[in-house]
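Notes for the one structure printed next.
The values are calculated or read from the model by the stated rules, or taken from the named source; none is laboratory data. Keep in mind the model is a prediction, meaning the values are calculated, not measured. Here the Cβ positions follow ideal geometry from the backbone for every residue, glycine too, while neighbour counts run over all protein chains shown.
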């Protein structure tokens with residue numbers, strides 16, 4: 001049996017998708033299976049959001065959606081139409097770092113840096129949730145974000161330092 005190409009009428013097509021991305025309205029064409037992670041990296045050019053495990057197990061792809069932590073590798077882009085999405089590129093206010101970013105720098109809370117965007121955005125979410133009152137609470141709330149370099153003590157210290165400033 002010979003394989004045939006799908007007819008143009010049956011080929012998957014992108015549908016328009018509008019969301020608020022880092023404070024600005026952005027519209028894309030994306031097919032229904034496109035993840036938020038792939039939309040951010042491949043279509044919006046925001047490569048700060050990292051593709052780690054692509055299974056929701058490492059936290060490298062964490063972004064804020066409507067101010068809540070979201071694993072963008074597990075989220076379909078169209079499910080977030082109209083939502084407010086913040087990536088690491090949209091966290092600072094111009095040249096002024098977000099307090100969590102500044103704390104990560106001050107406490108040397110990164111080594112290779114691959115997990116850092118997801119760690120920072122997750123930390124912002126944890127602080128907003130009020131779940132960072134003690135170091136143990138920080139460790140528990142951040143347990144979904146993996147650091148292969150083992151910078152955990154400095155990450156906890158940075159989040160604790162940012163607690164009052166964020």
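Please tell me if residue 24 is free of Cβ contacts under 8 Å to residues at least 24 places away in the same chain, touching a strand residue (DSSP E or B) at 6+ places or on another chain (Cβ under 7 Å) and outside the structural domain of residue 122 (by TED's automatic domain parsing). The answer is no for residue 24. Taking into account only those residues within the range 92-102 that are without any contact (Cβ under 8 Å) to a residue 60 or more places away in the chain and part of a loop (DSSP other than H, G, I, E, B), which is surrounded by the most Cβ atoms within 10 Å (Cβ to Cβ)? Among residues in the range 92-102 that are without any contact (Cβ under 8 Å) to a residue 60 or more places away in the chain and part of a loop (DSSP other than H, G, I, E, B), the one surrounded by the most Cβ atoms within 10 Å (Cβ to Cβ) is 97.
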